[in-house]
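The values are calculated or read from the model by the stated rules, or taken from the named source; none is laboratory data. Only a predicted model underlies this, so the values are computations on that prediction, with no experimental measurement involved. Here Cβ is always computed from backbone atoms with ideal geometry, including for glycine, and neighbour counts include all displayed protein chains.
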Amino acid sequence: MRVAVIGGLERHEAEIERRAGALGHTVEFHRGRVGGRRTEELEAIVSRSEIVIIVTQVNSHGAMYIAKKAADRHARRALVARTCSPSSFRGLMESVGRAPGATSAGVGT
């Protein structure tokens, strides 16, 4: 599955990418800057992805808004998370694979 991570800390990207690969996923990052052509890049990343993780703690309000709208426009599942560390990324990906209504302690909190 292709996953887009919008926002978050750059220092986590290599480890998130490694963990995504171990789970059989590919991941693409957008740092949340939307000036110039970066809005078009954000739209393209969302359109290529099956799941979009929108990080709120380290992100611009504009990027969050654009990512949510792009996910709706392209019928992509959007997950909003306060942070996206490597461990929280794994939890998010595990929650995606669970049946609807299933819960896990610590995921989404």
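Remarks
- Conditions (1) among the hydrophobic types (A, V, I, L, M, F, W, C); (2) modelled with pLDDT of 95 or more; (3) part of a helix (DSSP H, G or I); (4) more than 14 Å from residue 2 (Cβ to Cβ); number of the one not met by residue 54: (3)
- Taking each residue of region 1-12 that is of a type in the set (Lys, Arg) and looking for partners that are in a loop (DSSP other than H, G, I, E, B) and surrounded by fewer than 21 Cβ atoms within 10 Å (Cβ to Cβ) with beta-carbon atoms closer than 7 Å, six or more apart or interchain, yields 2/50.
- Scanning region 28-53 for residues that are touching a residue at least 40 places away in the same chain (Cβ under 8 Å), touching an Asp or Glu at 6+ places or on another chain (Cβ under 8 Å) and closer than 17 Å to residue 81 by Cβ turns up 45, 49.
Residues are listed down the side, and each one gets a yes or a no for (1) modelled with pLDDT of 95 or more; (2) under 17 Å from residue 97 (Cβ atoms); (3) outside any helix (DSSP H, G or I):
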site	(1), (2), (3)
19	no, yes, no
34	no, no, yes
44	yes, no, no
58	no, no, yes
69	yes, no, no
83	no, no, yes
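- Scanning region 13-27 for residues that are of a type in the set (A, V, I, L, M) and without any contact (Cβ under 8 Å) to a residue 24 or more places away in the chain gives 14, 22.
- For region 1-32, the set of residues classified as out of contact with any helix residue (DSSP H, G or I) (no Cβ under 7 Å at 6 or more places or on another chain), of a type in the set (D, E, K, R) and surrounded by 14 or more Cβ atoms within 10 Å (Cβ to Cβ) consists of 13, 17, listed by residue number.
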